[in-house]
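A.B. asks: Below are the structure tokens for one structure; questions will follow.
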Amino acid sequence: MGENKEIDHLDEMLVIWAREIPDLDPLTEGIVERIQILAKAFDRSLDETLVETDLDRRAYHLLGHLRSQGSPYRMSAGRLAVGMRLSSGTMTNRLDRLEAAGLIRRLPDPDDRRGTLVEPTEAGHAAWDRAVETQAKREATIASVLAEPERQELYRLLRHLMRAFPGKFHSHGSQPRDEPHKDQGHEHPDSEPSGG
């Protein structure tokens, strides 16, 4: 992996696995391991932010999905369920909880007499803004270990690496953060920023 004085525990483990698995490319394995470790660390960081701002992930995701629509941040319950890839029953239960918490309100849909529109309340907007701003500060602190040119280069390289998964992330109009999270029943924050 080249000469590097900043050897850490992962580097040491990769040396061991390269010895045990001759066909293993330690550089590729190291890249994958570091991305996975960082993804979990950023995920934990968001968890801490949501605890601090008294907002759970489900509310955060749903409010973010509404915010991504632009003013007046309003969607039908049906479209919201489709966009977040939730069943109508799950969406109804989620809306019930958020409405009881004062984070969203339901309105009659003028285009569908049996339909309902959903929009954030002022409290919902404020809660989501607070969480995003808090997480943005956390992520800025984390990213500050890199100089600006390094951040730009890392962004470019990661975008290029994502192209190894055709159609998954890089197509125009795709929403890479709109997929269900792989653990703990979390969803990704839809189209909203994590904070950074």
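A.B. asks: State the Cα centre-to-centre distance between region 76-97 and region 31-66 in whole Å.
C.D. replies: Region 76-97 and region 31-66 have Cα centres separated by 21 Å.
A.B. asks: Please label the shape of region 3-160 as rounded, prolate or oblate, based on the square roots a ≥ b ≥ c of the eigenvalues of the alpha-carbon gyration tensor (a/c under 1.5 means rounded; beyond that, a/b larger than b/c means prolate, else oblate). Walk me through the numbers on the way to the answer.
C.D. replies: Values: a/c = 2.94, a/b = 2.33, b/c = 1.26.
Verdict is prolate for region 3-160.
A.B. asks: Compute the length gained on full extension between Q36 and D8: take 0.36 nm times their separation in residues and subtract their Cα-Cα distance, giving the result in nm to one decimal. Intermediate results must be reported in sequence, preceding the final value.
C.D. replies: On the way: separation 28, 0.36 × 28 = 10.08 nm, distance 1.59 nm.
Full extension from Q36 to D8 adds 8.5 nm.
A.B. asks: Excluding ligands and nucleic acids, what accessible area in Å² is computed for S76 using a 1.4 Å probe, to the nearest 10?
C.D. replies: Rounded to the nearest 10, the figure is 30 Å².
A.B. asks: Once fully extended, how much extra length lies between L107 and E48, figured as 0.36 nm per residue of separation less the alpha-carbon to alpha-carbon distance? It would help to have the intermediate numbers written out before the result.
C.D. replies: On the way: separation 59, 0.36 × 59 = 21.24 nm, distance 3.27 nm.
Length gained, L107 through E48: 18.0 nm.
A.B. asks: Okay, next question. If you plug each phi of region 110-118 into the Karplus form 6.51 cos²θ - 1.76 cosθ + 1.60 with θ = phi - 60°, what whole-Hz ³J(HN,Hα) values come out, in order, with x for Gly and Pro?
C.D. replies: With the stated coefficients, region 110-118 comes to x, 9, 8, 4, 9, x, 9, 9, 10 Hz.
A.B. asks: Extending each Cα 7 Å along its Cβ direction at N93 and S76, get the distance between those two points in nm, one decimal.
C.D. replies: Inter-label distance under the simple model: 2.4 nm.
A.B. asks: Give a residue-ordered list of calculated ³J(HN,Hα) values for region 81-96 (Karplus: 6.51 cos²θ - 1.76 cosθ + 1.60, θ = phi - 60°; whole Hz; x for Gly, Pro).
C.D. replies: Computed from phi, the couplings for region 81-96 are 5, 5, x, 9, 6, 10, 6, 4, x, 5, 5, 4, 4, 5, 5, 4 Hz.
A.B. asks: Here is a follow-up. Nearest 0.05, what FRET efficiency do I142 and T121 give at R0 = 35 Å with Cβ-Cβ as r?
C.D. replies: Details: r = 31 Å, r/R0 = 0.90.
Plugging the Cβ-Cβ distance into 1/(1 + (r/R0)^6) gives 0.65.
A.B. asks: If DNA, RNA and ligands are ignored and the probe is 1.4 Å, what is the ranking of L103, L154 by accessible area, most exposed first?
C.D. replies: Working: L103 25, L154 80 Å².
These residues rank, largest area first, as L154, L103.
The values are calculated or read from the model by the stated rules, or taken from the named source; none is laboratory data. These numbers come from a predicted model, not from an experiment. Every residue, glycine as well, gets a Cβ built from its backbone with ideal geometry; the counts of neighbours run over all protein chains shown. Keep in mind that these areas ignore ligands, DNA and RNA; they rest on the heavy atoms of the full protein, side chains included. Shrake-Rupley method; radii C 1.70, N 1.55, O 1.52, S 1.80 Å.
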